[in-house]
Amino acid sequence: MSEMKIRPFPEKKTISKHIYGHFSEHLGRCIYEGFWVGEDSEIPNTDGIRNDVVEALKQLNIPVLRWPGGCFADEYHWKDGVGPKSERARMINTHWGGVEENNHFGTHEFLRLCELLETEPYISGNLGSGTVREMQEWVEYMTNDGESPMVNWRKENGKKEPWKIKYFGVGNENWGCGGNMRPEYYADEYRRYATYVRNYNGNEIYKIACGPNVEDYKWTEVLMREASCRMHGLSLHYYTTATGVWKKKGPATGFGSNEWFSTLKNTLYMEELIQKHSKIMDKYDPEKRVGIIIDEWGTWYDVEPGTNPGFLYQQNSLRDALVAGINLNLFHKHCDRVHMANIAQIVNVLQSVLLTDGEKMVKTPTYHVFNMFKVHQDAELLDLHFESQEYRLGNEVIPQISASASQNAEGTIHLSLCNLSHKDSAELSVSIEGLTNATVHGQILTSDTLDAHNTFDAPDTLSPEIFQDASVRSGNVHVALPPASVVVLALT
Ligand code: AHR
């Protein structure tokens, strides 16, 4: 039996709802088919955007959605994607599958999607192959008012009032697909481009600089030293593979306990990354004004057999549910520095919350975790003390339990728990400072099958159920977690 103690922090820390952000990219079937079916489609849609997907996503209270990439962003020329669809430029999506991109989903369509989802847009600008002028004009087109060529053009294209755009990324992975730059060079480019990402018309932009690839600490050091005073956020990208080997990442389903263990172990590496990058940032920004924006995270497996390798389509199983829960708990824990996170990608690609096939749609286990965990959005992080039992496999050891607690504005305490072990249950006794006569209820996501997943024919193989194994005894909450499970409890 592990003991857990929960109490408020002396200084309040808020879990930003933006930690629950998502990422949409012109990659595979994310935009086309996933969101965009066109106004003439037989699939029910609103202005070309499929209704079933919007309806499912609205349930998650998605706070922010990043677009159009990823690597795609640094090859995207926004002017190709506005105006009458029949006149829009066609191009090849050279990064992702070599397929035609007809630009039917552009700025207006993305911002309409955000309206339907009631979410904030996060636009990723093109620094790698676009000009400063192009970036400046995009911001002007979207956010300015009055008399200017860009504003007039927007109005001609049917949008009279400017949009409000808060989040703007000045390049993506500029150490790789966004131009293979050195940090010193990118820092200067960032300063130049960011200068022209202007606040028009009372719209205040939160500028996000391209941050490091995984453990590239030098990148963080140089960017913070040279440009932190001109940025609000610095991105961080880290994906979980099963093997840790990029060329052979492991399958999304059909794995055993070894791959289960290694995937969860690789996921836990996220904490070391946050801590070490934060430490560097602390030198230049002890107030933690600049946020770490983990705008790409999640699992990345081998593509599903028989699918276009450039589409990165993968299934999503109970293992992904654990990966989601572990990461979200870590982001909560470090919410003083982690101001936003965007799982990749929202539909039909890597660790997606939804998969579609023609008119069919299925919610993945990751969807269910986001739905269960959404109670933490904008809640106050609580101080949680516990020593997890060990989860051992061969010579390797990781903690068995991942946990996090918060209190919402109504006073309800939520405790999210993941039992990482594929075979052992865990008993917990939880004491909560100031809470006597608690009542407890909750939900669980679990299965006896490690790669349990939802398919179009069996969409509810894995879905949350009411959790029966939590009770209050002598003031403490006793919890029995089955192996391989994700649980969220509400304590009042
Ligand atoms: O998510 C797929 C790709 O991974 C993104 O386009 C890129 O930013 C990252 O390398």
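No lab work stands behind these numbers, since they all come straight from the coordinates. Every value quoted in this text rests on a predicted model; they were computed, and no experiment measured them. So basically every Cβ, Gly included, is an ideal-geometry build from the backbone, and we count neighbours across all protein chains shown.
Taking 20 Å as the cut-off, the amide N atoms of the stretch 461-486 that come nearer than this to a point 7 Å along the Cα-to-beta-carbon line of N437 belong to 471-478.
The GluC sites (Glu not before Pro) of the stretch 80-146 that meet both conditions, a loop assignment by DSSP and at most 16 other Cβ atoms within 10 Å of the site Cβ, are E118.
With a simple spin-label model that places each label point 7 Å from the Cα along the Cα-to-Cβ direction, the separation between E410 and K423 comes to 4.2 nm. Ranked by how many other Cβ atoms sit within 10 Å of their own Cβ, fewest first, the residues V375, V362 fall in the order V375, V362.
Each of D320, D52 was scored by other Cβ atoms within 10 Å of its Cβ. Arranged with the fewest first, they read D52, D320. FRET efficiency for the pair E390 and A458, taken as 1/(1 + (r/R0)^6) with r the Cβ-Cβ distance and R0 = 35 Å, rounds to 0.50.
Report the far tail of the P(r) of the stretch 345-492, meaning the percent of Cα-Cα pairs longer than 23 Å. That tail contains 42 percent of the Cα-Cα pairs. By the Cβ distance rule (another cysteine Cβ under 4.7 Å), the unpaired cysteines of the chain are C30, C114, C210, C229, C335, C418. When Rg and Dmax are taken over the Cα atoms of the stretch 119-244, they come to 15.9, 55 Å. The convex hull drawn around the Cα atoms of the chain, when projected onto a plane and averaged over every direction, covers 22.6 nm². Remark on V64: its backbone amide H falls under 5 Å from those of H22, E120, a criterion applied only to residues 5 or more positions apart or on other chains, H modelled at 1.01 Å from N.
Please report S317, S471 as a ranked list, fewest other C-beta atoms within 10 angstrom at the top and most at the bottom.
S471, S317
Eigen-decomposition of the gyration tensor built on the alpha-carbon atoms of the stretch 50-135 gives equivalent ellipsoid semi-axes of 24, 15, 13 angstrom, largest listed first. Taken over the stretch 323-371, the convex hull of the Cα atoms encloses 72 Å³ per residue. The separation of the stretch 216-281 from the stretch 92-116, counted between C-alpha centres, amounts to 27 Å. Once the mean of 1/r is taken over each pair of separate Cα atoms and inverted, the stretch 134-188 shows a Kirkwood hydrodynamic radius of 13.0 Å. To the nearest whole percent, what portion of all C-alpha pairs in the stretch 344-406 is separated by more than 16 angstrom? Percent of Cα pairs beyond 16 Å in the stretch 344-406: 65.
For the stretch 288-428, the Kirkwood radius over C-alpha pairs fed into Stokes-Einstein at 10 °C and 1.306 mPa s yields D = 95 µm² per second. Among the trypsin sites (Lys or Arg not before Pro) in the stretch 56-160, those located in a DSSP loop and surrounded by at most 11 other Cβ atoms within 10 Å of their own Cβ are R90, K160. Just to verify a number: FRET efficiency for S86 and R225, C-beta to C-beta distance, R0 = 45 Å, to 0.05? Computed FRET efficiency for S86 and R225: 0.35.
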